[in-house]
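Peer 1: Below you'll find the structure I mean.
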Amino acid sequence: MKLTGSEVLFRTLHKEDANTIFGYPGGSVMDIYDEMFRQKDIRHILVRHEQGAIHAADGYARASGKVGVCLVTSGPGATNTVTGIANAYGDSIPVVVFTGQVPTHLIGNDAFQEVDITGITRSCTKHNYLVRKIEDLARTVREAFHIARSGRPGPVLIDLPKDVMQSSIDEGAIEDEVHLNGTSALPDIEEDCVRAFKLLKEARRPLLFVGGGVILGKACDDLRTFARRLHVPVISSLMGLGAFPGTDPLSLGMVGMHGTYYANMAISHCDLLFAVGVRFDDRVTSKLEAFAPHAKIVHIDIDAVSLERTVRTDIPILSDSKRALSIFNRLMAEASFSYPPDQTREWLEQVAAWKKRVPLSYCRSQRIKPQYVVEKLFEITGGDAIVTTEVGQNQMWAAQFYKFDHPNSFITSGGLGAMGFGFPAAIGAQVACPDRTVVDIAGDGSIQMNIQELATAVTHRIPVKVVILNNLYLGMVRQWQELYYGKRYSQSHINTGPDFVKLAEAYGAVGLRTDKPEEVKKVLTKGLNTEGPVFMDIRVEPEEGVYPIVKPGAPLTEMDLGKPAVL
């Protein structure tokens, strides 16, 4: 029995349990889509733009813990995915992207809709492939999924020439066993963990710093056991929110440029920083010479490149987060160790004092404050929603004022900061978790980057809810112009935006609006309980800022706290 390349592709996808594809057809992938027509166990979500496809596959992967799959055509179809691929790469998200390509004999001839997509994406994929022979197809697909999900996860691209998908192969000749050179087991870390445990036992001002690697490594339960047994304060990177419960008294929230006052003070005064699954990016560290200046640093990460790349580290440990934390939990249990009250009492009292002195707050007024909207959303959902965000002020307010108690519940563009991510990512998350409430917290600027995906949500009956914090500005740009550019608001005022209610209705969705604080809870409740996709246009204070804020390059202790809160 002979199988075409397209048949081999779907047979291999079934072996990888990849039953959901986000995509958009075109000339070079017509044979794949024709074969898809015969497939009964594949769900295809037809998006309205290829960037929507890759962001949706990314959101699906984050919410489900599986590999997301994206399928697009050649040329502009492929290049439209590059932002999403770079986004997945920056946040270590396992996605496999299939791109169509012109027939092999035309490659390099500037054929219609030909681009060198493997060359274009070489710097923002974990690996990529150009399949030139059908004999290599099945093995390549299996390898791509293996690479995407193993080690530090990331996106993998497979470029599929049209003639390879049209050609055929004997079923018995298909080879799909994975043989990857250079793969090796992680090193034995027992000795490093024992050394780090000694530092942990001696510390008087310990602090636990957790990142997205804890969530990706499925180590959240191990982390919670570790933190609660030691009774150690916990800070988080943006990507680590949800790894440790945000409502837990030990949680100090997010650290860095828009971190809480008490998280930034804690990292600046601790004597041991125990960092798990983080990469110490510039939004966290700010001025490197002043970062954790009194601390010895233990850094656990799956990626050897991330160890000692940015900050000095006393004990680097190359490991996935689950394996390392399980060893530390065992060492603690064997030694029956927890901190004597006198050893950390002053530290915990100091942290509590910082929390009391400068809590997360904002000034009330006659206009709707965006922070209030996020607080009410948390209250109404009980903290159980999957929240995606766009990028900018909306993203930071969500990170600050929605308390994430569960992993895989906060889905945002961290490393790349890609506007337009949140809405298609919410669609992907909703497809992955049909029984969960999924809300995209958006700005009026960012939502317009991929607003066409409302048609995708309506067509496929994907009931995502979008809360638009509409301030008529590119809010974060405006805030920086206010603080650092003499209030010269150059091209940041977007008061000619669309009527989002009418726009939602034009797509066949539901649109709601309010500009009154007393109506916020009512609108949110109605929107969350309405069937199908809903846009909630909430007109907020136009010039509200995100605080605290640390000026780039300043120490984390030098925070602009904004106006004093009037509670």
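The values are calculated or read from the model by the stated rules, or taken from the named source; none is laboratory data. No experiment lies behind these values; they were computed from the predicted model shown. Using ideal geometry, Cβ is built from the backbone for each residue, glycine included, and neighbour counts are taken over all protein chains shown.
Peer 1: Just the residues that are within 24 Å of residue 344 (Cβ to Cβ) and crowded, with 24+ Cβ neighbours inside 10 Å, please, taken from segment 296-314.
Peer 2: Across segment 296-314, the qualifying residues are 298, 299, 300.
Peer 1: Here are 532, 553: which of them is outside the structural domain of residue 382 (by TED's automatic domain parsing), in contact (Cβ under 8 Å) with a residue 40 or more places away in the chain, at positive phi and not hydroxyl-bearing (Ser, Thr, Tyr)?
Peer 2: Numbers: 532 fails: outside the structural domain of residue 382 (by TED's automatic domain parsing).
The conditions single out 553.
Peer 1: While we're looking at this one, here's another question. Looking at 263, 185, 196, which is the one that is over 30 Å from residue 388 (Cα atoms), of a type in the set (A, V, I, L, M) and crowded, with 24+ Cβ neighbours inside 10 Å?
Peer 2: Working: 263 fails: over 30 Å from residue 388 (Cα atoms); 185 fails: crowded, with 24+ Cβ neighbours inside 10 Å.
None of the others qualify; the one that does is 196.
Peer 1: Are any residues in segment 492-511 in a loop (DSSP other than H, G, I, E, B), farther than 19 Å from residue 531 by Cβ and touching a helix residue (DSSP H, G or I) at 6+ places or on another chain (Cβ under 8 Å), and if so, which ones?
Peer 2: Those that are in a loop (DSSP other than H, G, I, E, B), farther than 19 Å from residue 531 by Cβ and touching a helix residue (DSSP H, G or I) at 6+ places or on another chain (Cβ under 8 Å): 492, 497, 498.
Peer 1: Among (1) surrounded by 24 or more Cβ atoms within 10 Å (Cβ to Cβ); (2) of a type in the set (Val, Ile, Thr); (3) in contact (Cβ under 8 Å) with a residue 40 or more places away in the chain, where does residue 247 come up short?
Peer 2: If we test residue 247 against (1) surrounded by 24 or more Cβ atoms within 10 Å (Cβ to Cβ); (2) of a type in the set (Val, Ile, Thr); (3) in contact (Cβ under 8 Å) with a residue 40 or more places away in the chain, just (1) comes out false.
Peer 1: Quick one: count up the residues across segment 410-434 that are in a helix (DSSP H, G or I), of a type in the set (Gly, Ala, Ser) and more than 16 Å from residue 66 (Cα to Cα).
Peer 2: So the first thing to find is which residues in segment 410-434 are in a helix (DSSP H, G or I), and the list is 422-432.
If we keep only those that are of a type in the set (Gly, Ala, Ser) as well, we get 422, 425-426, 428-429, 432.
Pick out the ones that are also more than 16 Å from residue 66 (Cα to Cα) and you get 422.
Count: 1.
Peer 1: With 458, 464 as the choices, which residue is touching a strand residue (DSSP E or B) at 6+ places or on another chain (Cβ under 7 Å) and more than 21 Å from residue 371 (Cβ to Cβ)? Steps first, please.
Peer 2: On the way: 458 fails: touching a strand residue (DSSP E or B) at 6+ places or on another chain (Cβ under 7 Å).
Going through 458, 464 in turn, the sole match is 464.
Peer 1: Would it be correct to say that residue 458 is part of a helix (DSSP H, G or I), surrounded by fewer than 22 Cβ atoms within 10 Å (Cβ to Cβ) and touching a Ser or Thr at 6+ places or on another chain (Cβ under 9 Å)?
Peer 2: Values: part of a helix (DSSP H, G or I): yes; surrounded by fewer than 22 Cβ atoms within 10 Å (Cβ to Cβ): yes; touching a Ser or Thr at 6+ places or on another chain (Cβ under 9 Å): no.
So residue 458 does not fit the description; no.
Peer 1: Write out, first by first residue and then by second, each pair whose Cβ atoms fall under 9 Å of each other, whose residues are 6+ apart or on separate chains, and whose first residue, in segment 448-462, is basic (Lys, Arg) while the second is surrounded by fewer than 17 Cβ atoms within 10 Å (Cβ to Cβ).
Peer 2: As it stands, the answer is 461/531; 461/532, since those pairs meet every condition given.
Peer 1: Got a number for residues in segment 49-73 being in a loop (DSSP other than H, G, I, E, B) and touching a residue at least 60 places away in the same chain (Cβ under 8 Å)?
Peer 2: Pass one, segment 49-73, residues in a loop (DSSP other than H, G, I, E, B): 49, 65-67, 73.
Remaining after also requiring touching a residue at least 60 places away in the same chain (Cβ under 8 Å): 49, 65-67.
Within segment 49-73, residues that are in a loop (DSSP other than H, G, I, E, B) and touching a residue at least 60 places away in the same chain (Cβ under 8 Å) number 4.
Peer 1: Within segment 311-354, how many residues are touching a residue at least 24 places away in the same chain (Cβ under 8 Å) and under 16 Å from residue 266 (Cα atoms)?
Peer 2: 7
Peer 1: Just need a number here: residues in segment 551-567 that are farther than 15 Å from residue 360 by Cβ and either in a strand (DSSP E or B) or under 27 Å from the mean Cα position of the chain (by Cα) (or both).
Peer 2: Step one: filter segment 551-567 for residues farther than 15 Å from residue 360 by Cβ, giving 551-558.
After this cut, where a residue has to be either in a strand (DSSP E or B) or under 27 Å from the mean Cα position of the chain (by Cα) (or both) as well, the list is 551-557.
Summing the residues that are farther than 15 Å from residue 360 by Cβ and either in a strand (DSSP E or B) or under 27 Å from the mean Cα position of the chain (by Cα) (or both) in segment 551-567 gives 7.
Peer 1: While we're looking at this one, here's another question. Of the residues in segment 66-82, how many are hydroxyl-bearing (Ser, Thr, Tyr) and surrounded by fewer than 21 Cβ atoms within 10 Å (Cβ to Cβ)?
Peer 2: Going residue by residue through segment 66-82, those that are hydroxyl-bearing (Ser, Thr, Tyr) are 73-74, 79, 81.
Applying the additional criterion that residues be surrounded by fewer than 21 Cβ atoms within 10 Å (Cβ to Cβ) yields 79.
Summing the residues that are hydroxyl-bearing (Ser, Thr, Tyr) and surrounded by fewer than 21 Cβ atoms within 10 Å (Cβ to Cβ) in segment 66-82 gives 1.
Peer 1: To continue, here is another question. Is one or more of the residues making up segment 465-475 in a loop (DSSP other than H, G, I, E, B), more than 19 Å from residue 387 (Cα to Cα) and in contact with a Leu (Cβ under 8 Å, 6 or more places away or on another chain)?
Peer 2: Keep residues of segment 465-475 that are in a loop (DSSP other than H, G, I, E, B), which gives 471-472, 474.
Filter once more, keeping what is more than 19 Å from residue 387 (Cα to Cα): 471-472, 474.
Next cut, in contact with a Leu (Cβ under 8 Å, 6 or more places away or on another chain) only: none.
No: segment 465-475 contains no residue that is in a loop (DSSP other than H, G, I, E, B), more than 19 Å from residue 387 (Cα to Cα) and in contact with a Leu (Cβ under 8 Å, 6 or more places away or on another chain).
Peer 1: Just checking, which of 388, 437 is of a type in the set (S, T, N, Q), surrounded by fewer than 24 Cβ atoms within 10 Å (Cβ to Cβ) and in contact with a Ser or Thr (Cβ under 7 Å, 6 or more places away or on another chain)?
Peer 2: The unique qualifying residue is 437.
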